[in-house]
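Everything below concerns the one structure shown next.
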Amino acid sequence: MIPYGRQDIQPSDIAAVTKVLESDFLTQGPVITSFEKAVAEKVGAMHAVACNSATSALHLACLALDVGVGDVVWTSPNTFVASANCALYCGAEIDFVDIDPETFNMSVEALLKKLTAAEAAGRLPKVVIPVHFAGQSCDMAAIYDISLKFGFSIIEDASHAIGGQYRDSYVGRCCYSDITVFSFHPVKIITSAEGGMALTGAEGLANRLRRLRQHGITRDATEMVDEPHGGWYYEQVDLGFNYRMTELQAALGASQLLRLDDYVVRRAELAHKYDAELAQMTVHLPCEQIEVRSAWHLYVVRVDPVCRAKIFNALRSDGIGVNVHYIPVHLQPFYQRRGFVRGDFPVAEAYYASAISIPLFPGLTQEDQRYVVQRIARALDK
Ligand SMILES: *Cc1c(COP(=O)(O)O)cnc(C)c1O
């Protein structure tokens, strides 16, 4: 089976992880700190906080921005469920903004319209979480401008987009957001097995993220209620979690980070090869926006919804691990029980009915890609 995505592990990655196993620290050691510094430096962010997953990082990001009971958070329906669940973990309400039919990212137009209605109803969101679908950044300058008018904070869910760029900056620099979150799950651009990171330009937020990552405990006297009792002293000042990354994960992530740009270049090459090879077929191809350089996490083709299942099944029988990203979050049974119904976000639903993610990962060979293209042609012909 040719999967839709797959990690790339080199001998240098194995050596980096092995070295940690032979060291003094398996967790809470120096490698995590240097991985955080390396990612922050790479993307041009001031602060980085490594976590055991992007899901944890999203949860901490919401908490750091004071999301709680009575608050509303908005995200895109075309995402993995974690982008929405994080608000519910904090006791807040979640709602969605429909997507743009070209980019499949949150629609700026729909956002503005929904904000105007929410303002009239006195139910403005506290935080909006745009998701950089497939590795292509949302129109962050526009969303940021709107946030100034309506007073919400922004968390970029950049789980697909490390190494991608927007207006000549790497995604994660947080020029247009409070916090950006990366995922290092093995199907993403670089991996630490499980792992995620929250980046921010605000020192106060970075401190809160760090504290919440480790049980709400601080060892910084300036954050304490009491005078320190001695060198052993710490205080729990918030209700936090154990969302720490291990040294093993950080070593793998740091080793992979060295190849980040190569990975993105390779993914773009493969994507452009698909663009050329599939251009004459009866499929819609993804398109990159002018100010964006996608990290190309996914290559999604869209087909006639009537034939989608047939084409999907034909490709699966041909040994091609196609997938579908995403079933709109509001259509999940859990969210349906919370009152969302089919028809709430029609663009995301129409997109979902037609989408197929085809294999795209750095180790995809020319031969495999040729095979994928040939089988797509055959499946479309039938
Ligand atoms: C993968 C993913 C997540 C969750 O990442 P984990 O590291 O697996 O927790 C969140 N949001 C999006 C958009 C994702 O693709």
**Report entry** Filter pass, H325 being in a helix (DSSP H, G or I) and either surrounded by fewer than 16 Cβ atoms within 10 Å (Cβ to Cβ) or not hydrophobic (A, V, I, L, M, F, W, C) (or both)
**Finding:** no
Query raised in the report: Is one or more of the residues making up segment 7-25 open to solvent by less than 20 Å² (accessible area, probe 1.4 Å), within 16 Å of the ligand (Cβ to nearest atom) and over 16 Å from the mean Cα position of the chain (by Cα)?
Result: no
Query raised in the report: Going by the structure shown, is G230 assigned to a loop (DSSP other than H, G, I, E, B), open to solvent by 10 Å² or more (accessible area, probe 1.4 Å), away from the ligand (no atom under 12 Å from the Cβ) and without any contact (Cβ under 8 Å) to a residue 24 or more places away in the chain?
Result: yes
Query raised in the report: Any idea how many residues of segment 256-287 are hydroxyl-bearing (S, T, Y) and either touching a strand residue (DSSP E or B) at 6+ places or on another chain (Cβ under 9 Å) or on the phi > 0 side of the Ramachandran plot (or both)?
Result: 1
Query raised in the report: Can you tell me which of E269, E288 is open to solvent by 10 Å² or more (accessible area, probe 1.4 Å), among the acidic types (D, E) and assigned to a loop (DSSP other than H, G, I, E, B)?
Result: E288
Query raised in the report: Taking segment 148-188 on its own, how many of its residues are on the phi > 0 side of the Ramachandran plot and open to solvent by less than 10 Å² (accessible area, probe 1.4 Å)?
Result: 2
Query raised in the report: How many of the residues making up segment 92-109 are in contact with an Asp or Glu (Cβ under 8 Å, 6 or more places away or on another chain) and free of Cβ contacts under 8 Å to residues at least 60 places away in the same chain?
Result: 6
Query raised in the report: Across segment 356-379, what is the number of residues that are buried (at least 18 other Cβ atoms within 10 Å of the Cβ) and assigned to a helix (DSSP H, G or I)?
Result: 5
Query - In segment 104-134, the residues that are hydroxyl-bearing (S, T, Y) and crowded, with 20+ Cβ neighbours inside 10 Å - result: S107
Query raised in the report: Looking at segment 194-215, which of its residues are assigned to a helix (DSSP H, G or I), open to solvent by less than 50 Å² (accessible area, probe 1.4 Å), away from the ligand (no atom under 15 Å from the Cβ) and in contact (Cβ under 8 Å) with a residue 40 or more places away in the chain?
Result: L205, A206, L209, L212
**Report entry** Some residue of segment 135-142 being open to solvent by less than 60 Å² (accessible area, probe 1.4 Å), closer than 18 Å to F345 by Cα and part of a helix (DSSP H, G or I)
**Finding:** no
Report task. Would you mind stating whether E277 is of a type in the set (D, E), surrounded by fewer than 20 Cβ atoms within 10 Å (Cβ to Cβ) and closer than 29 Å to E36 by Cα? Result -> no
Requested in this report: Go through (1) in contact with a Ser or Thr (Cβ under 9 Å, 6 or more places away or on another chain); (2) closer than 30 Å to L364 by Cα; (3) open to solvent by less than 70 Å² (accessible area, probe 1.4 Å) one by one and return the number of the condition V49 breaks.
Outcome: (2)
Requested in this report: Those residues that are farther than 16 Å from E269 by Cα, out of contact with any helix residue (DSSP H, G or I) (no Cβ under 8 Å at 6 or more places or on another chain) and not in a helix (DSSP H, G or I), I need them from segment 292-321; list them, please.
Outcome: G319, G321
Report summary line: Given the conditions (1) of a type in the set (S, T, Y); (2) in contact (Cβ under 8 Å) with a residue 60 or more places away in the chain; (3) open to solvent by 20 Å² or more (accessible area, probe 1.4 Å), every one holds for Y89 apart from (2)
Query - Looking only at segment 266-321, and only at residues there that are in contact (Cβ under 8 Å) with a residue 24 or more places away in the chain and among the small types (G, A, S), the one that is nearest to P3 (Cα to Cα) - result: G321
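The values are calculated or read from the model by the stated rules, or taken from the named source; none is laboratory data. All figures in this text were calculated on a predicted structure; none of them were measured in a lab. Neighbour counts are summed over all protein chains in view; Cβ atoms, including those assigned to glycine, are modelled from backbone coordinates with ideal geometry. These accessible areas exclude ligands, DNA and RNA; they are computed on the full protein's heavy atoms, side chains included. Shrake-Rupley method; radii C 1.70, N 1.55, O 1.52, S 1.80 Å.
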